[in-house]
Amino acid sequence: MSKIHNEVLLANREYVANFDKGDLAMPPARQFAILTCMDARLDPAKYAGLSEGDAHVIRNAGGRASDDAIRSLVISYKLLGTKEWFVIHHTDCGMETFTDEIMRRLLGSSLKTASVDATGWHDHGEGPGSAEAKYVDWLTISNQVESVVEDVTRIKSHPLVPKEIPVYGYIYDVKSGRLIEVPEATAIGQAN
């Protein structure tokens, strides 16, 4: 077993020793959901003031409104009663460092981890790679404000999303911890 694996299991044993959350209800107590990035520097519980059981937090690369993220949001509303949603992207996002074409090229040559430097992304691993990467929309980001607006628009216009759910758009600043509203996104996301 790896060092990380052992650390996770040890942490869980310590968590279990003082666990007192077994009676929390399945629906989130504060009736809202956050769609945000998987970046390890983001802690939605801290930046949004959450405790266990408060809200749904849906995370993926970039915090994008992918089909699966929308599936989760719809379940969050339809079956578990959330009434407001936040889309929160962040500064210095890794999804801004490559394009679909770069990812497809890297995966086409090797499935091993790539590296990045001042000249761009480089594949150092040996093949084989896979052509399957060309069938994936990697949902990369070229402009944070535009991506938040695009995701809020996609969510609000989705046929399974009720018009009365407000969707707010924000960018988390990784240097200050501050949530910065994207007014255009929030305007698009207003409840009707």
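The values are calculated or read from the model by the stated rules, or taken from the named source; none is laboratory data. Computed from a prediction, not measured in an experiment: that's the story for all the values here. FYI the Cβ positions are ideal-geometry reconstructions off the backbone, even for glycines, and counts take in every protein chain you see. Just the protein is used for accessible areas: all its heavy atoms, side chains included, with ligands, DNA and RNA removed. Shrake-Rupley method; radii C 1.70, N 1.55, O 1.52, S 1.80 Å.
Can you spot the lysines whose alpha carbon is less than 24 Å from residue 112's alpha carbon? Ignore those fewer than 8 places along the same chain.
Qualifying lysines at Cα under 24 Å: 3, 134.
Which residue, 75, 129, 149, has the largest displacement toward the positive end of the dipole of the chain when charges sit on each Cβ (Lys, Arg +1; Asp, Glu -1)?
It is 75, whose Cα lies furthest towards the positive end.
Only helical DSSP H runs with n ≥ 4 go in: add -39500 (n - 2.57) per run for the chain, normalise by residue count and round the 222 nm mean residue ellipticity to 500 deg cm²/dmol.
Numbers: 6 runs with 61 residues, N = 192.
Result for the chain: -9500 deg cm²/dmol, rounded to the nearest 500.
Show the residues, 5+ positions off or on another chain, whose built amide H is closer than 5 Å to the amide H of residue 111.
Excluding prolines and chain starts, which carry no amide H, there are no hits.
Give the aspartates and glutamates whose C-alpha is closer than 16 Å to that of residue 83, dropping any in the same chain fewer than 8 places away, or say none.
List returned: 54, 164.
At 1.4 Å probe radius, can you tell me the per residue accessible area of the stretch 68-164 in Å²?
Using a 1.4 Å probe on heavy atoms only, each residue of the stretch 68-164 averages 58 Å².
Rounded to the nearest 5, what % of the DSSP beta bridges within the chain are antiparallel ones?
Around 25 percent antiparallel, to the nearest 5.
Report the Cα centroid-to-centroid distance between the stretch 141-188 and the stretch 35-74 in angstrom, as an integer.
13 Å
Within 10 Å, count the other beta carbons around each residue, average over each peptide in 66-74, 32-40, 20-28, and list them highest first.
32-40, 66-74, 20-28
For residue 163, go through the aspartates and glutamates and keep the ones whose alpha-carbon is under 15 Å away, minus same-chain ones fewer than eight residues off.
84
Whole-Hz Karplus ³J(HN,Hα) for the stretch 83-90, in order, using 6.51 cos²θ - 1.76 cosθ + 1.60 and θ = phi - 60°, x for Gly and Pro?
Result, ordered by residue: 10, 9, 10, 10, 10, 10, 8, 8 Hz.
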